[in-house]
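Below is one structure, written out as structure tokens; the observations come after it.
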Amino acid sequence: VDSTSGNDTSGIATDISNDASASASPCLTIGAAAVKISAYNNANRSRNDCGGGIIYLKAGSHAFAGSSTAAIGTTPAVWCTIMPASGVSRASAIIASNASSTDLSDRVKVKGVTITATAVNTFSGCLALWFDQCEFNTTNVGLANSSGGIVHATRNLVTALGQGFRPNSTVNNPWAIVRGNTMPGFS
């Protein structure tokens, strides 16, 4: 995904062995990339979901999910991973906002990115959401979903996260796993 020069219409999803093609034709938004992965899996793997897909973020600020995910398909059996593209640092792959649809899929792993989004429930509606090796630098008081989903946080750097890892809902669904996170400056 290239948030400045990508194109949701002409962007493509490919098998990992043909990664150069996808890198040359990136999507503009995370949501469109997930839809393209679902279509690729449906045509080539006989399953209509984005599970097993990896959405590589080029350097820049990205919106989650950033486009309609109406054609995302069924609930995947495995995670769809969002992570920096090769050679892109965690500090340069930033999820800075949310836009349009926020429910990308029901098994989403966000790995090795910086999260600065301040909107409540930026990551909303996912039944299983996993943040791994990310940096949270946001004043948001309720970053994760309020719809009864399960949220995991492992090996993250938390420089700012509003009120920390707390549920944001009257449902009060707690984060399922919070392990190995570094939280400097929290009282």
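Some observations on this one:
- Max mean-square fluctuation residue, GNM over the chain, Cα-Cα springs under 10 Å, options ASN140, ASN48, ASN18: ASN18
- Relative protection proxy for 123-135, 78-90, from highest mean packing down: 123-135, 78-90 (other beta-carbon atoms within 10 angstrom).
- Diffusion coefficient (Stokes-Einstein, Kirkwood radius over C-alpha pairs, 20 °C, 1.002 mPa s) for the stretch 84-138: 184 µm²/s, rounded to a whole number.
- Whole-number accessible area per residue in Å² for the chain, which is evaluated in the context of all protein chains at 1.4 Å: 44
- FRET efficiency, 1/(1 + (r/R0)^6) with R0 22 Å, evaluated for ASP19 and SER89 via beta carbons: 0.70
- Packing-based ranking of 176-183, 30-37 yields 30-37, 176-183, ordered from highest to lowest mean Cβ neighbour count within 10 Å.
- Principal axis analysis of the Cα atoms in the stretch 15-75 yields extents of 33, 27, 15 Å, listed in decreasing size.
- Accessible area of the stretch 1-159 belonging to carbon and sulfur atoms, whole % at 1.4 Å probe: 52
- Label sites at MET183 and ALA77, each approximated as a point 7 angstrom past Cα along Cα to Cβ, lie 3.6 nm apart.
- Using only the C-alpha atoms, the convex hull of the stretch 37-126 corresponds to 84 Å³ per residue.
- Scaled radius of gyration (Cα, divided by 2.2 N^0.38 Å) that the chain gives: 0.97
- At a Cβ-Cβ separation cutoff of 4.7 angstrom, cysteine residues of the chain with no neighbouring cysteine are CYS27, CYS126, CYS134.
- Extended-chain gain in nm, criterion 0.36 nm per residue less alpha-carbon gap, ARG166 and SER61: 35.3 nm
- Stretch gain in nm, segment SER68-ARG47, where the contour uses 0.36 nm per residue and the Cα spacing is subtracted: 5.6 nm
- Helix axis angle, 30-44 relative to the chain longest principal axis, alpha carbon, degrees: 50
The values are calculated or read from the model by the stated rules, or taken from the named source; none is laboratory data. Here the structure is a predicted model, which is why all the values come from computation and not from measurement. Glycine gets a Cβ as well: all are built from the backbone with ideal geometry, and neighbour counts include every protein chain shown. These area figures cover heavy atoms from the full protein model, side chains too; ligands, DNA and RNA do not enter into them. Shrake-Rupley method; radii C 1.70, N 1.55, O 1.52, S 1.80 Å.
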